[in-house]
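The values are calculated or read from the model by the stated rules, or taken from the named source; none is laboratory data. These figures come from a predicted structure and were not determined experimentally. Please note: Cβ atoms are built from the backbone with ideal geometry, for glycine as well, and neighbour counts cover all protein chains shown. Please note that ligands, DNA and RNA were not included when accessible areas were found on the heavy atoms of the full protein model with its side chains. Shrake-Rupley method; radii C 1.70, N 1.55, O 1.52, S 1.80 Å.
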Amino acid sequence: MAYEFKLPDLGEGLTEGEIARWLVSEGQEIAEDDPLVEVQTDKTTVEIPSPAAGKVARILVEEGTVVPVGTVLVVIGEDGAAPAGAQPAAEPATSGSATTRGQTPDAANRDRVRATPLVRRLAQELGIDLEGLQGTGPQGRVTEEDVRGAATGRGQTPDVSAEGRREQLRGVRRLVAEHMTRAHREVPPVTWVEECDFGEVELKRLVPTVLKAVAESLKEFPELNARLDGDEIVYLDRYDLGVAVQTDQGLVVPVVRGCDERSIDELAEELARLAEAARSGSLKPEELRGSTFTVTSAGKLGGLLTTPIVNHPEVAILSVGRIADRPVVRDGEITIRPVGTIAITFDHRVLDGARAAEFGLDVIRRLQAS
């Protein structure tokens, strides 16, 4: 009997998810609890295991598609009947049938090729016969790269129009785009910048040291550790700071809890754990929510200074520019010091420039006294 697997409720109030990557292909035999699909939410990427054993009869939702909770994603079982009203994401059903029975020999041969619906559609658009390709993916699965390589090999240029190559926003990049658009639309930002002498900071522990300094300063400037809720400002009494981490999939912001209560060593240990989990895609949803303020540092790639974008619904963000040896004047003499910039972008609806500047100078004072 066929089993219809629906997108489950992943918690945290989430109502939809993006099918990031299928870990199986049609026709593949799988066991219960085998990796089935990766789903991208607005928090993280979750790998969902198969709740049933059997043959993957039909994959109904393409990679890159956003669907609500409860949508049937895949049919597992020999029958392979699609649920009423569902549209298969691979080949359209013929003769009013939504099952794999009674197929023509060509269709049966086609379905024996292991490929996701997205790859099948791409092959159809480019006129590539999947039967003639040697799949390089797991268990001989034909990948998107295989299809594009075959198209390029015969002189085609995939996905290129007169206006250039087009690529759909997907996964983390789609979420970043949506989040930044909302922040730009709702937050009137102002950025304040000042130099900071980092000579007293152990640069290998730069970010945890900044986290500690920021948390201590936020206690003195509660307007920056707040939310704007309608016509009310909500001042938060916890200091859970988000830290921007660059991954192969895009930028994510895990949260370091209780930065005011932890030592710099403890902050460094927790930050290293979160950064590794971010890069491996194993962050838990709760590790990506509830930040009260965000810190970002791009290291050597940071440039002279940056104007960071407020991580909505927060009201401020701090960035550290590139730190380098520069000539400065100390006690009337020119000397060389490791100097960088501290930038604060803030929501002008919640606080004025003078308070933001005072906060930034307080953070710098703490860093220069470390």
Enumeration of residues in segment 47-58 that are of a type outside the set (Lys, Arg) and part of a strand (DSSP E or B):
GLU47, ILE48, PRO49, GLY54, VAL56, ALA57
With the requirement that a residue be at pLDDT 90 or above, of a type outside the set (Val, Ile, Thr) and crowded, with 18+ Cβ neighbours inside 10 Å, what does segment 5-26 give you?
PHE5, LEU7, TRP22, LEU23, SER25, GLU26
Inside segment 189-237, counting only strands (runs of 3 or more DSSP E) that do not spill past its ends, which hold 2 or more residues that are more than 28 Å from the chain's Cα centre (by Cα), among the charged types (D, E, K, R) and surrounded by fewer than 17 Cβ atoms within 10 Å (Cβ to Cβ)?
189-197
The residue from GLU261, GLU276 that alone is of a type outside the set (Val, Ile, Thr), farther than 25 Å from PRO188 by Cβ, open to solvent by 80 Å² or more (accessible area, probe 1.4 Å) and not in a helix (DSSP H, G or I) is GLU261
Return the pair list, or none, for Cβ contacts closer than 6 Å from residues in segment 17-28 that are at negative phi to residues that are surrounded by fewer than 23 Cβ atoms within 10 Å (Cβ to Cβ) and of a type in the set (Lys, Arg), at least 6 apart or on different chains.
SER25/ARG114; SER25/ARG141
Quick one: in segment 220-263, of everything that is at pLDDT 95 or above and of a type in the set (S, T, N, Q), which residue is nearest to GLY299 (Cα to Cα)?
SER263
Go through segment 178-188 residue by residue and tally those that are crowded, with 16+ Cβ neighbours inside 10 Å and part of a helix (DSSP H, G or I).
2
Look at VAL245 and say whether it is surrounded by 15 or more Cβ atoms within 10 Å (Cβ to Cβ), touching a Gly at 6+ places or on another chain (Cβ under 6 Å) and over 24 Å from ALA357 (Cα atoms).
no
Might you let me know whether segment 247-257 holds any residue that is of a type in the set (Lys, Arg) and farther than 21 Å from HIS348 by Cα?
yes
Positions within segment 164-177 being open to solvent by 40 Å² or more (accessible area, probe 1.4 Å), among the charged types (D, E, K, R) and touching a residue at least 40 places away in the same chain (Cβ under 8 Å), in sequence order:
ARG170, ARG173
Residue satisfying all of: in segment 48-71; closer than 18 Å to GLY137 by Cα and open to solvent by 20 Å² or more (accessible area, probe 1.4 Å); nearest to the chain's Cα centre (by Cα) among these
GLU63
Find the strands (runs of 3 or more DSSP E) located wholly in segment 287-370 whose residues include 2 or more that are open to solvent by 80 Å² or more (accessible area, probe 1.4 Å) and of a type outside the set (Asp, Glu), and list them.
324-330, 333-347
Specify which of the listed residues (VAL61, VAL39) is of a type in the set (A, V, I, L, M, F, W, C) and part of a strand (DSSP E or B).
VAL39
